[in-house]
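The values are calculated or read from the model by the stated rules, or taken from the named source; none is laboratory data. Since this is a predicted model, take the numbers as computed values, not measurements. Backbone-built Cβ (ideal geometry, glycine too); neighbour counts: all protein chains shown. These area figures cover heavy atoms from the full protein model, side chains too; ligands, DNA and RNA do not enter into them. Shrake-Rupley method; radii C 1.70, N 1.55, O 1.52, S 1.80 Å.
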There are 2 protein chains.
Amino acid sequence: MGVKQYMRQGIERQRPLTLEVRDELERMILDGEVAAGERLNELTLAEQMGVSRGPVREAARSLEHEGLVRTVANQGVFVRELSLESALELYDLRAMIAGYLCGRVAEKADPVVNKALRQAVRDMDAAIAAADEPRYFEINLAFHDRIAIAAGTDRAQRLYTSLGKEVRLLRRRVLCGDESLRTSNHEHDGIVAAIEAGDADAARAAGMQHHLNSKSRLKITM
Amino acid sequence: MGVKQYMRQGIERQRPLTLEVRDELERMILDGEVAAGERLNELTLAEQMGVSRGPVREAARSLEHEGLVRTVANQGVFVRELSLESALELYDLRAMIAGYLCGRVAEKADPVVNKALRQAVRDMDAAIAAADEPRYFEINLAFHDRIAIAAGTDRAQRLYTSLGKEVRLLRRRVLCGDESLRTSNHEHDGIVAAIEAGDADAARAAGMQHHLNSKSRLKITM
DNA sequence: CAACAGAATATTGTTGACAATCTACAATCA
DNA sequence: TGATTGTAGATTGTCAACAATATTCTGTTG
């Protein structure tokens, strides 16, 4: 009886389908391909990705604790709807974590890291001067990632990343003008300065304030 | 062909097995019934709980993002091992979240909540006077839960709870003497006072410091 | 026409079977 | 002896089928 079994060719090491599906699902949600509040149909998704429902279910469970979806028994999983209020709270939370991370980096005083951060600030300045917003955002992302990783605290890093994704559930776009970018990078400069000085408290405060300011800049666009 | 199908009797509302298994697994880990670093055998657990491997796998994925287990592809899920260093970082993180929660509660200024918190402090004093440590810990837990819930920020609350569980992976027991309890409850008093006064900043600072002090008290016992 | 009851359908919950991979141990060879 | 290879068993990864529940449709009744 024609049972189609699974087999993936090639030398490439086996990555469980669950992870593959998880990443794809996450992307779909963050890119807004599925609207907030919408139900994720297991069978549809499974067929769409060419897998069975098992991996899809596991992936959903995985996403659940990241706050990207919510599950209702016997009804399915739904893309989480994020109220503006909740999103702002997420910003607060993330700001605290960011501050913590900056403080840790300052304590570490790793010359290589510090140099890279300093360079990132310069590069962002260049991007602003060139009016290259996409590039600015790219470096900005790398800048904050770098800090999160350099802090060396796995849990806090994951949390920071996770909260960052969660915030993206709020689909409204933030349009930053030139001025906003300049201000933001000036704050970056302050963070790096504190880190370079090895002043953990100042770095923490600067890192946190930077994120709180981002929140404010976001707020006024709505 | 004698296929044993699933059916659970009774009027009780259907709670998915995945959740049941998840809770049981979490309990086993937190109670130390499975040692840190140990592998969780899917089949064994499934038979033990009288379910199939599906729900067990889903439960594992669920626990993964809470930091209680770690998964290695094609090898299985392992109870996470928490270094002392990581545990202390968790305390820092949790202290920040706790501070945030306390600040929120102060802003809310809900008389009912405030009254309950004040009463809890009195009850803990009574428990200390009666040298009833178990009761103290019970109220203490309820006290902090109450604050987390009253803050009204779902994400922060879940995070606070989650971090609390994660810390328990560090199995070493903290033996608190009478003096430690008194000091701790004095700090509780300070937190409630700030909340009652509606001073969010003070409440935040007190809540955070209380947890950092707990960390210090823990530290010296090792 | 609205409200309800019941059947038909769609979707989630759970399972057992099979494939792929890893692990442990034995056999082989230098 | 020690390293390596090969095989057998155990364990995870995946799937398709069936059960239980939720949802939708339809016809009936007031």
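Dipole orientation for the protein assembly as shown: of the candidates A:Ser214, A:Thr183, B:His65, B:His65 has the Cα lying most toward the positive pole (charges on Cβ; Lys, Arg +1; Asp, Glu -1).
Between the amide H of A:Glu81 and those of A:Gly37, distances stay under 5 Å, these residues lying 5 or more places away or on another chain, with hydrogens modeled in the peptide plane. Within 10 Å of the Cβ of each residue in A:57-66, the mean number of Cβ atoms contributed by other protein chains is 5. Excluding B:Gln119 itself, calculate the net charge of residues whose Cβ lies under 15 Å from the Cβ of B:Gln119, where each Lys or Arg counts +1 and each Asp or Glu counts -1. Every neighbour counted, the sum reads -2. Heavy atoms of chains A and B lose about 2600 Å² of accessible surface on contact, summed over both sides with a 1.4 Å probe. Taking all protein chains together, A:Glu85, A:Glu58, B:Glu20 sort by accessible area into A:Glu85, B:Glu20, A:Glu58, largest first [probe 1.4 Å]. Output the 0 to 90 degree angle, nearest 10, between the alpha-carbon long axis of helix A:178-196 and the longest principal axis computed from the alpha carbons of chain A. Tilt of helix A:178-196: around 80 degrees. Across A:His211, A:His186, A:His144, mean-square fluctuation computed from a Gaussian network of chain A (C-alpha pairs under 10 Å connected) peaks at A:His186. Computed from Cα positions, the angle between helix B:133-150 and the longest principal axis of chain B comes to roughly 90 degrees. Carbon and sulfur atoms: what percent of the 1.4 Å accessible area of the range A:84-219 do they account for? Heavy-atom surface of the range A:84-219 belonging to carbon and sulfur, 1.4 Å probe: 54 percent. The angle separating the long axis of helix A:53-64 from the principal Cα axis of greatest extent in chain A is about 30 degrees.
The relative contact order of chain B comes to 26 percent, based on Cα pairs under 8 Å that sit 6 or more residues apart. Estimated purely from DSSP H runs of n ≥ 4, each contributing -39500 (n - 2.57), the mean residue ellipticity at 222 nm for chain A is -22500 deg cm²/dmol once divided by its residues.
Each other copy places its own label point for B:Gln119 at 6.2 nm from this one, sorted shortest first, where the point lies 7 Å along the Cα-to-beta carbon line.
Backbone geometry of the range B:118-124 corresponds, through the Karplus equation with coefficients 6.51, -1.76 and 1.60 at θ = phi - 60°, to 3J(HN,Hα) couplings of 4, 5, 4, 4, 4, 5, 5 Hz, x marking Gly and Pro. Residues in the range A:199-216 carry Karplus couplings, in order, of 8, 4, 4, 5, 5, 4, 4, 5, x, 5, 4, 4, 6, 5, 5, 4, 4, 4 Hz; the curve used is 6.51 cos²θ - 1.76 cosθ + 1.60 with θ = phi - 60°, and Gly or Pro positions show x.
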